[in-house]
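Reading through the structure tokens given below for one structure.
The values are calculated or read from the model by the stated rules, or taken from the named source; none is laboratory data. For clarity, every value in this text was computed on a predicted model and none was experimentally measured. Don't worry about glycine lacking a Cβ; one is built from the backbone with ideal geometry, like all the others, and counts go over all protein chains shown.
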Amino acid sequence: MINVSIEKQLKVYHGRQVLKIDHQFATGSITKIYGPSGAGKTTFLKIIAGLTSPEKGRILINGLTWLDTDANINLSPQKRMPGFVFQDYALFPNMTALEHLRYATDDIAWIKRLLLLGKLDTLTDHKPIHLSGGQQQRLAILRALAIRPKVLLMDEPFSALDPEMKAELIADLKTIFKEIGATVLMVSHNPQELEGLVDGELYIP
Amino acid sequence: MDLSPIWLTLKLAAITTLLLLIVGLPIAWWLSKGRSFFKTIIEAIITMPLVLPPSVLGFYLLLAFSPRHGIGQWLQDSFDIQLVFSFQGLVLASFIYSMPFMIGPIKSALQQLPASLTQASYTLGKTQWQTFKSVLLPNIKPSLLTAVVLTFAHTLGEFGVVLMIGGNIPNVTRVASIAVYDSVERMDYAAANSYSLILFSITFVMVISVFVFNKYQARSPLE
């Protein structure tokens, strides 16, 4: 079980607003996070990852405290090691597709499987600049999966994929999520996009 | 023609560039991460040699490292090190004077990289050092080359600072720019022209090289 209770001041155009979330995510569940632009969806994912800190709050992951502002506990992203699919993909321009996965893990068999899953097995020596938008997005997903994360945070992970590729990838990802026991939080703008994949929803107003 | 000023200049530029690369990289990295009042002050101090007359910097270094008082006296008494009118003194002065040329381009390049690159590396469990070595450094190569060449070329052309702290001692502190000045003073225009032509050629080749190596990034060496 993942328990999140956080409060953070957000800077917005007209001043400030408070991002306040109190929610529980069942272990192994897939939750869609949605809401208007600027509501703090990406910030929420980054708070869970330890990439930004809230003013107040607690994050408990399967009994382990990742964050407790009262007890002054705030684990670094390196200790939390969540899988994170960034909205801008955050691919490393100097690395090939294979090097991205080798940077994340030494498990060659796992890398081969991921490359097949993302249909990037023939593009292993390509750097991001030589991949299409959809291929880059798939590589970002594979890199996040490479560390077999217990918590997977995905920010608009399928926005650049065509419907056919998206349906195929989502079906394969479901199997992988189950296999590694990941609890998945996905930000999405598209109401229909994650139909049949998610177990629950969280609206951030 | 006595070539020793040319060799001395190249030796000074090489040592200065190497030292600044080792020291400048972590400083540039630190400066590129976030902002604070303290960082602004440090950055301003590093940038000062860009706008300060070289003779002013040289004068203060001469005072600071004079063996008659202060740090200079302490270095002389404790370690038998004399920085004024010595090659070590030239290295120190060049190090300070060329610092903005090494740190500026590297810091700017690091700041231009998306923050998500570093964040992605951290979520993969990588340390700050691993991230710097494997993700940040390889992606700022053109700017790194620019910084190295600018630092080297700038050290080649130093005059005011080296004259103030080093004087004009053959084989010790008489670098090429001072040899040019000295030759003109002696009305030996042929020697002055030879030194100048060599300095011009070396600098020109270096700047052209940066343009060629960085052509895919379409960057000016002065960026």
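You will find that of B:I169, B:I165, B:I178, B:I106, the residue that is away from chain A (no Cβ under 14 Å), of a type in the set (V, I, T) and touching a Gly at 6+ places or on another chain (Cβ under 6 Å) is B:I165 and no other. Please enumerate the residues belonging to the stretch B:129-143 that are more than 8 Å from every other protein chain (Cβ to nearest Cβ) and either closer than 20 Å to A:I141 by Cβ or in contact with a Leu (Cβ under 7 Å, 6 or more places away or on another chain) (or both). Matches in the stretch B:129-143: B:L136, B:I140.
Of the strands (runs of 3 or more DSSP E) lying entirely inside the stretch A:103-205, those containing at least 2 residues that are surrounded by fewer than 22 Cβ atoms within 10 Å (Cβ to Cβ) are A:200-203. When the stretch B:179-188 is filtered for residues that are in contact with a helix residue (DSSP H, G or I) (Cβ under 7 Å, 6 or more places away or on another chain) and either surrounded by fewer than 18 Cβ atoms within 10 Å (Cβ to Cβ) or in contact (Cβ under 8 Å) with a residue 40 or more places away in the chain (or both), the ones remaining, listed by number, are B:A179, B:V184. Have a look at A:G118, A:G133, A:G83 and point out the one that is under 14 Å from A:L145 (Cβ atoms) and at pLDDT below 95. It is A:G118. One residue alone among A:L45, A:L51 is part of a loop (DSSP other than H, G, I, E, B), within 14 Å of chain B (Cβ to nearest Cβ) and among the aliphatic types (A, V, I, L, M), and that residue is A:L51. Pairs are defined by a Cβ separation below 8 Å, a sequence spacing of at least 6 or placement on different chains, a first member in the stretch B:10-39 that is touching a residue at least 24 places away in the same chain (Cβ under 8 Å), and a second member that is not in a helix (DSSP H, G or I); the pairs so defined are B:L12/B:V175.
Answer yes or no as to whether A:I2 is within 17 Å of the chain's Cα centre (by Cα), of a type in the set (V, I, T) and crowded, with 19+ Cβ neighbours inside 10 Å.
yes
Scanning the stretch B:160-178 for residues that are touching a Pro at 6+ places or on another chain (Cβ under 7 Å) and surrounded by fewer than 20 Cβ atoms within 10 Å (Cβ to Cβ) turns up just one, B:G160. The single condition among (1) more than 8 Å from every other protein chain (Cβ to nearest Cβ); (2) within 18 Å of A:E179 (Cβ to Cβ); (3) under 20 Å from the mean Cα position of the chain (by Cα) that A:D107 does not meet is (3). Of the residues screened, B:K126 is one that is buried (at least 20 other Cβ atoms within 10 Å of the Cβ), within 30 Å of A:Q87 (Cβ to Cβ) and within 9 Å of chain A (Cβ to nearest Cβ).
How many residues, within the stretch A:66-102, are part of a loop (DSSP other than H, G, I, E, B) and within 7 Å of another protein chain (Cβ to nearest Cβ)?
Within the stretch A:66-102, the first condition is being part of a loop (DSSP other than H, G, I, E, B), and the residues that meet it are A:69-72, A:75-76, A:81-82, A:86-96.
Right, trim to within 7 Å of another protein chain (Cβ to nearest Cβ) and you get A:81-82, A:86, A:88, A:90, A:92-94.
Of the residues in the stretch A:66-102, 8 are part of a loop (DSSP other than H, G, I, E, B) and within 7 Å of another protein chain (Cβ to nearest Cβ).
Residue count for the stretch A:3-55, restricted to those that are farther than 24 Å from A:D88 by Cα, β-branched (V, I, T) and free of Cβ contacts under 8 Å to residues at least 40 places away in the same chain: 1. Among all residue pairs at least 6 apart or on different chains, which show Cβ distances below 8 Å where the first residue, located in the stretch B:159-178, is under 13 Å from B:F87 (Cβ atoms) and the second is outside any helix (DSSP H, G or I) and small (G, A, S)? Final answer for the pair search is B:G166/B:S86; B:V172/B:S86; B:T173/B:S86; B:T173/B:G167. Of all residues in the stretch B:195-211, none satisfies being among the aliphatic types (A, V, I, L, M), in contact with a strand residue (DSSP E or B) (Cβ under 7 Å, 6 or more places away or on another chain) and surrounded by 17 or more Cβ atoms within 10 Å (Cβ to Cβ). Where helices (runs of 4 or more DSSP H) fall wholly inside the stretch B:138-223, the ranges with 2 or more residues that are of a type in the set (F, W, Y) and closer than 20 Å to B:I6 by Cα are B:189-213. Residue count for the stretch A:6-35, restricted to those that are among the small types (G, A, S), within 24 Å of A:Q192 (Cβ to Cβ) and either touching a Leu at 6+ places or on another chain (Cβ under 7 Å) or exposed (fewer than 13 other Cβ atoms within 10 Å of the Cβ) (or both): 1. The residues in the stretch A:93-102 that are crowded, with 23+ Cβ neighbours inside 10 Å and β-branched (V, I, T) can be counted, and the count is 0.
Identify, from the list A:I59, A:I111, the residue that is of a type in the set (V, I, T), closer than 21 Å to A:T175 by Cα and in contact (Cβ under 8 Å) with a residue 12 or more places away in the chain. Of A:I59, A:I111, the one residue that is of a type in the set (V, I, T), closer than 21 Å to A:T175 by Cα and in contact (Cβ under 8 Å) with a residue 12 or more places away in the chain is A:I111.
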